[in-house]
2 protein chains.
Amino acid sequence: MKHTIHSHQNHVTWDNAIPPVHEIDPGEKLRFEVQDASNGQLSYRSTAADVAALDFGQVNPVNGPVYVKGAQPGDTLEVHIENFGPQSWGWTAVIPGFGLLHEAFPDPYLKTWDLSGGRAQFTDGIEIPIAPFPGTIGTALPEPGAHSIVPPRKNGGNMDIRHLTRGTKLYLPVWTEGALFSVGDTHAAQGDGEVCGTAIEAPMDIDLSFKLHKGKQIAEPQFETPGPLHHTSSGKGFYVTTGHAEDLLTAVKKAIEYMIEHITTTYRLSDVEAYALCSVAVDLKISEVVDMPNHLVSAYLPLDIFK
Amino acid sequence: MKHTIHSHQNHVTWDNAIPPVHEIDPGEKLRFEVQDASNGQLSYRSTAADVAALDFGQVNPVNGPVYVKGAQPGDTLEVHIENFGPQSWGWTAVIPGFGLLHEAFPDPYLKTWDLSGGRAQFTDGIEIPIAPFPGTIGTALPEPGAHSIVPPRKNGGNMDIRHLTRGTKLYLPVWTEGALFSVGDTHAAQGDGEVCGTAIEAPMDIDLSFKLHKGKQIAEPQFETPGPLHHTSSGKGFYVTTGHAEDLLTAVKKAIEYMIEHITTTYRLSDVEAYALCSVAVDLKISEVVDMPNHLVSAYLPLDIFK
């Protein structure tokens, strides 16, 4: 019987002064009951008006911190992503002022998903493959005080790496005594980039085990994940838009703008629906980063989401 | 019997005043005998000294231009990538002053590949899956004069998109009467990003057919490619390094620096060998581009290249 870190045992900033909620020896397994990224502010019946009213001081809670005995700065904490519990519902939002194209999409938008059947239907005829992962996972920072949980940092955190799926071994740098590990922000699915700012945000349980590598030092998180990668084996292939620019962010924006145009003209979705669909299903790849002065970014839409 | 555009029928800048070498009707197929990106300056027996002596005015030749009857600005040229001929040899170089980490790698480096057996062996025990594609493919630009062929542009060009593999339908904007299509710079394999600046550069034939979409206007190239994507179904999984930064290019550099360190410590390759291996096999993904102020880029090493 593994110990459970409950959803109320959470915190919403990285602060190494937050007292641990539990202590483990390396080798132990834990279950985390993860709340959704709104921290319970949204529900399946919520609307765009509820998105506009979100209290940002409460978003992106992480369960923990967990003190790992023997962990010291300069060690690496290996986190084995063992299993995910079932997902009953999820949400995808466009939040004013947030997201890649926040200037073009100033209004709140909300899509809620019924995930209880093990399927994620966007609209009639569009279904997203479920591939759960934790959006935020990390150790405490060495710098004192409260640090925003929104950006990813050298401790991991809100990395939103969609391949932290079942079977992944994640390596996190230990920056403080006891590592002070936390996890949250579980996603049922996401595209590489998470362009609208949210994935299929879904509360779920996650089972993790831990191993400590004494004296193995890494500067930022690394991981090993089983193949094949989720979303990449679309039997129907991919439709891809490209954007070139002297800076990568402009290239990303162009590729996603073209993809939104492609989706709205091909599948009769609105602009904001296409933007949200990109966030949960479209993958951003850096095709080339050397042919000066222009870089090229490609946005890949897997065609097997269209039934 | 399809018409052939021979390797000497090439040019090394984008210039819409270059006279067409051939004229086709939409629907026709063509074979292009593509020279390697050094334009014959390197051979299987070349060394790093030959890289240092490269004449950059001659690099990256493209076969053409081909005049497509009826093509006008505002149309889209669909290019169907039908087939590739066999590859006998290839090269991968670090060219001084070029590549993502050119400051850390100031010296010329050259690896030549015997591809005649249908295999691409990097060193004993490391083999790269062959997945040929054209690195440079495009139409003429509307602006007069000679434009460098190195950067990708709104006409396509040196996009180095590794998924322009067999069966791909590439959509190119037409900017001038007749489209003035050219193709070259064939690669036997490459990772997303092409970080050292070169792929497995290999001369080969490429068969293409063409279709014209009158009045269909796109701002930059788009394409549709069959699934599953090459390199993504590694049964052995992937080792991944991550880099976060406020700008994507810094995040890319960090992820690749960490990957070079991982490869050199794990597989006993030199730094420059690891850098070249990243260029031909490691894929750059933008994991998140919204968690302000930091972006996160991940570099994926497919583990099935290690035998």
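The values are calculated or read from the model by the stated rules, or taken from the named source; none is laboratory data. The shown structure was predicted, so the numbers you read here are calculated from the model rather than taken from an experiment. Note that we place each Cβ from the backbone using ideal geometry, even for glycine, and neighbour counts take in every protein chain shown. Each accessible area value is taken on the protein alone, full model and side chains, heavy atoms only, with ligands, DNA and RNA left out. Shrake-Rupley method; radii C 1.70, N 1.55, O 1.52, S 1.80 Å.
Nearest 0.05, what FRET efficiency do B:K69 and B:E143 give at R0 = 35 Å with Cβ-Cβ as r?
0.90
Distance between the pseudo-spin-label points of B:H6 and A:A17 (7 Å out from Cα toward the beta carbon): 7.9 nm. Helix A:271-281 axis versus longest C-alpha principal axis of chain A: approximately 40°, rounded to the nearest ten.
The spacing between the range A:21-99 and the range A:133-193, judged by their C-alpha centroids, is 9 Å. For the range A:26-76, the calculated P(r), taken from all Cα-Cα distances in 5 Å bins from zero up to the bin holding the longest distance, is 4, 15, 20, 15, 12, 11, 9, 7, 7, 1 percent. Please give the net charge around A:D160, taking every other residue with its beta carbon less than 10 angstrom from that of A:D160, where Lys and Arg add +1 and Asp and Glu add -1. Value of the local net charge: -4. In the complete set of protein chains, residue-level accessible area for B:K285 is approximately 0 Å², probe 1.4 angstrom.
For B:K29, give me every one of the aspartates and glutamates with a C-alpha distance below 15 angstrom, ignoring sequence neighbours fewer than eight places off in its own chain. Those aspartates and glutamates meeting the cut-off are B:E78, B:E82, B:D205, B:D207. Computed about the Cα centre, the dipole magnitude for the range A:3-224 is approximately 420 debye when only Lys and Arg (+1) and Asp and Glu (-1) carry charge, each at its Cβ. For the range B:78-180, the fraction of C-alpha pairs more than 24 angstrom apart is 42%. Diffusion of the range B:181-223 by Stokes-Einstein, at 37 °C in a medium of 0.692 mPa s and with Rh set to the Kirkwood radius over alpha-carbon pairs, works out to 245 µm²/s.
Compactness of chain A is given as radius of gyration and Dmax, 19.2, 57 Å, from Cα positions.
Label-to-label distance for A:F306 and A:A48 is 2.5 nm, based on points extended 7 Å past Cα in the beta-carbon direction. Under 17 Å from a label point set 7 Å out along the Cα-to-Cβ vector of A:K214, the amide N atoms of the range A:61-96 belong to A:68-78.
Using a ≥ b ≥ c from the Cα gyration tensor of the range B:238-305 (square roots of the eigenvalues), is it rounded, prolate or oblate, where a/c under 1.5 gives rounded and otherwise the larger of a/b and b/c decides, a/b for prolate?
On the way: a/c = 2.66, a/b = 2.00, b/c = 1.33.
Verdict is prolate for the range B:238-305.
How big, in percent, is the set of alpha carbon pairs in the protein assembly as shown lying more than 35 Å apart? Above the 35 Å cut-off, the protein assembly as shown has 39 percent of its Cα pairs.
Using C-alpha pairs under 8 Å with a sequence gap of at least 6, the mean separation divided by the residue count of the range B:238-305 gives a relative contact order of 45 percent. Within the protein assembly as shown, antiparallel bridges make up roughly 90 percent of the DSSP beta bridges whose residues both belong there.
Plainly put, the tip 7 Å out from Cα toward Cβ on B:G145 is 5.0 nm from that tip on each other copy, the closest given first.
Rounded to the nearest 20, the Cβ-based charge dipole of the protein assembly as shown about its Cα centre (Lys and Arg +1, Asp and Glu -1) stands at 1120 debye.
If DNA, RNA and ligands are ignored and the probe is 1.4 Å, what is the ranking of A:R45, A:R268, B:R31, A:R166 by accessible area, most exposed first?
Details: A:R45 195, A:R268 220, B:R31 80, A:R166 155 Å².
Largest accessible area first, the list is A:R268, A:R45, A:R166, B:R31.
Relative to the dominant Cα principal axis of chain B, helix B:248-267 is inclined by about 50°. Legend: translational diffusion of the range B:2-161 by Stokes-Einstein, Rh = Kirkwood radius over C-alpha pairs, 20 °C, 1.002 mPa s; D = 122 µm²/s.
In this Cβ point-charge picture (+1 for Lys and Arg, -1 for Asp and Glu), the range A:163-307 has a dipole of about 480 debye about its Cα centre. Select from A:M292, A:M204, A:M259 the residue whose mean-square fluctuation is largest in a Gaussian network model of chain A (Cα-Cα springs shorter than 10 Å). Residue with maximal mean-square fluctuation among A:M292, A:M204, A:M259: A:M292. Of the residues A:P96, B:G157, A:T266, the one whose Cα sits farthest towards the positive end of the charge dipole of the protein assembly as shown is A:T266 (charges of +1 on Lys and Arg Cβ, -1 on Asp and Glu Cβ, taken about the Cα centre).
When the helices of chain A are scored as -39500 (n - 2.57) per DSSP H run of n ≥ 4 and the total is divided over every residue, the value at 222 nm lands at -3500 deg cm²/dmol. Over 20 Å between Cα atoms, which of A:K2/A:K211; A:K69/B:K254; B:K169/B:K214; B:K69/B:K214; A:K253/B:K285 qualify? Where the Cα-Cα span goes over 20 Å, the pairs concerned are A:K69/B:K254. Classify the range B:1-53 as rounded, prolate or oblate from the Cα gyration tensor: take a ≥ b ≥ c as the square roots of its eigenvalues, call it rounded if a/c is under 1.5, otherwise prolate when a/b beats b/c and oblate if not. Oblate, because a/c is 1.5 or more while a/b does not exceed b/c.
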